[in-house]
1. Identify all residues within segment 224-239 that are open to solvent by less than 60 Å² (accessible area, probe 1.4 Å), in a helix (DSSP H, G or I) and within 15 Å of Gly157 (Cβ to Cβ); write none if there are none.
2. Residues of segment 5-58 being open to solvent by 70 Å² or more (accessible area, probe 1.4 Å), in contact (Cβ under 8 Å) with a residue 40 or more places away in the chain, more than 19 Å from Asn290 (Cα to Cα) and in a helix (DSSP H, G or I), which ones?
3. If the requirement is being more than 19 Å from the chain's Cα centre (by Cα) and either within 16 Å of ligand 2 (Cβ to nearest atom) or part of a helix (DSSP H, G or I) (or both), which of these qualifies: His305, His293?
4. Restricting the search to segment 119-130, which residues are open to solvent by less than 50 Å² (accessible area, probe 1.4 Å), touching a Phe, Trp or Tyr at 6+ places or on another chain (Cβ under 8 Å) and near ligand 2 (Cβ under 10 Å from one of its atoms)?
5. Report, ordered by the first and then the second residue, all pairs with beta carbons closer than 6 Å, sequence separation of six or more or different chains, a first member in segment 137-164 that is away from ligand 2 (no atom under 16 Å from the Cβ), and a second member that is of a type in the set (A, V, I, L, M) and not in a helix (DSSP H, G or I).
6. Would you mention how many residues in segment 271-300 are more than 16 Å from ligand 1 (Cβ to nearest atom) and open to solvent by 20 Å² or more (accessible area, probe 1.4 Å)?
7. Checking Tyr153 against (1) in contact with a helix residue (DSSP H, G or I) (Cβ under 7 Å, 6 or more places away or on another chain); (2) open to solvent by 10 Å² or more (accessible area, probe 1.4 Å); (3) closer than 21 Å to Thr125 by Cα, only one condition comes out false. Which one?
8. Return the residues of segment 215-244 that are farther than 15 Å from Pro265 by Cα and in contact with a strand residue (DSSP E or B) (Cβ under 7 Å, 6 or more places away or on another chain); say none if nothing qualifies.
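The values are calculated or read from the model by the stated rules, or taken from the named source; none is laboratory data. This is a predicted model, so every value here is computed, not measured. Backbone-built Cβ (ideal geometry, glycine too); neighbour counts: all protein chains shown. Quick note on the areas: whole protein, heavy atoms, side chains included, nothing else; ligands and nucleic acids left out. Shrake-Rupley method; radii C 1.70, N 1.55, O 1.52, S 1.80 Å.
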Amino acid sequence: MRHFLTLKDFTKDEISEIITLAQKIKAQTKDKHFVPYLERQTLGMIFEKSSTRTRVSFETGVYQLGGIGLFLSSNDIQLGRGEPMKDTARVISRMVDMVMIRTFSQDKLNEFASFSKVPVINGLTDEYHPVQVMADFLTMIEFGKVDNPICTYIGDGNNMAHSWLMFASIMGYELRIATPKGYECNSDIVAEAMAFAKISGAKIIISNNPKEAVKNSDVINTDTWVSMGQEEEKEKRVKDFNGYMVDENLMSLAKNNAIFLHCLPAYRDYEVSEETFEKHANEIFTQAENRLHAQKAIMVWLDNHRKSEEIR
Ligand code: CP
Ligand code: NVA
């Protein structure tokens, strides 16, 4: 049985297959043609952190596929009172057909998955946010960034940066990541990405130089400087990230028709200027909408895979 825990478990062809499915499902959705791919199925949605997009897109997505989403906040379920992850997994996965979890460490997610009888989807951990990058990929394609785009990520070496590392290194793209000193990506994850890059031909360039990184790029991407769980570090981080705001000066170094992506929520005049954000609002909000379509495809793909394994 396949889970969707990190992109490194997927081949380039599988990622492309899911995106092709997302395009088909998006077109059907726009035509108000709701195919019940997941009829009567239940998606358990466990949240140990806040969410707007992930919750709304998964809950709406599974409903449009003929199923139902159960919102399970850790504030309300026994997990939040200390029931072990592995027990939670063994209980919930006997009742639902698929689970999405947003939690802290990837290890916690992996533990859940290893005890789960049903496919598990990563709805964000401290290390990765793979469903977001699938929506980013769909958005890039829709904005014509398909021909070996040069992608650049400016900011914190966090879950988004790590997910982009996996994505670009598997797909064979050029990815430049510029972070302040001390906020670099996890070195093990960089090493894994470099190993993928050797196979795919991807070019991964890691630096502390945002201006150099942005030069001639097709896709510029950033994320908050203060991820969930890091709130106490805000004051120090804001100082340390001085010079890393994506603004019109920085964007002027990219290609003229470059797109700007942000997974959201965005903090104006910190990681992105108000002007740059609003100039690229169409890209950013298409990206947000694409969470719905990309995740529907992920759920259908996992379900198809499970069914084909059951037949075998
Ligand atoms: N981008 C994203 O995952 O948003 P939420 O935190 O609102 O789910
Ligand atoms: N890096 C951010 C992403 C939010 C969607 C966080 O983990 O809070």
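1. Result: Arg237, single match.
2. Matches in segment 5-58: Lys12 only.
3. Just one listed residue meets the conditions, His305.
4. Gly123, Thr125
5. Close Cβ pairs (under 6 Å, with a partner that is of a type in the set (A, V, I, L, M) and not in a helix (DSSP H, G or I)) amount to Met140/Val219; Phe143/Ile259; Lys145/Val219; Pro149/Val219; Cys151/Leu175; Cys151/Val219; Thr152/Ile220.
6. Selection size over segment 271-300: 5.
7. The failed condition is (2).
8. The answer is Asn216, Ser217, Asp218, Val219, Ile220, Tyr244.
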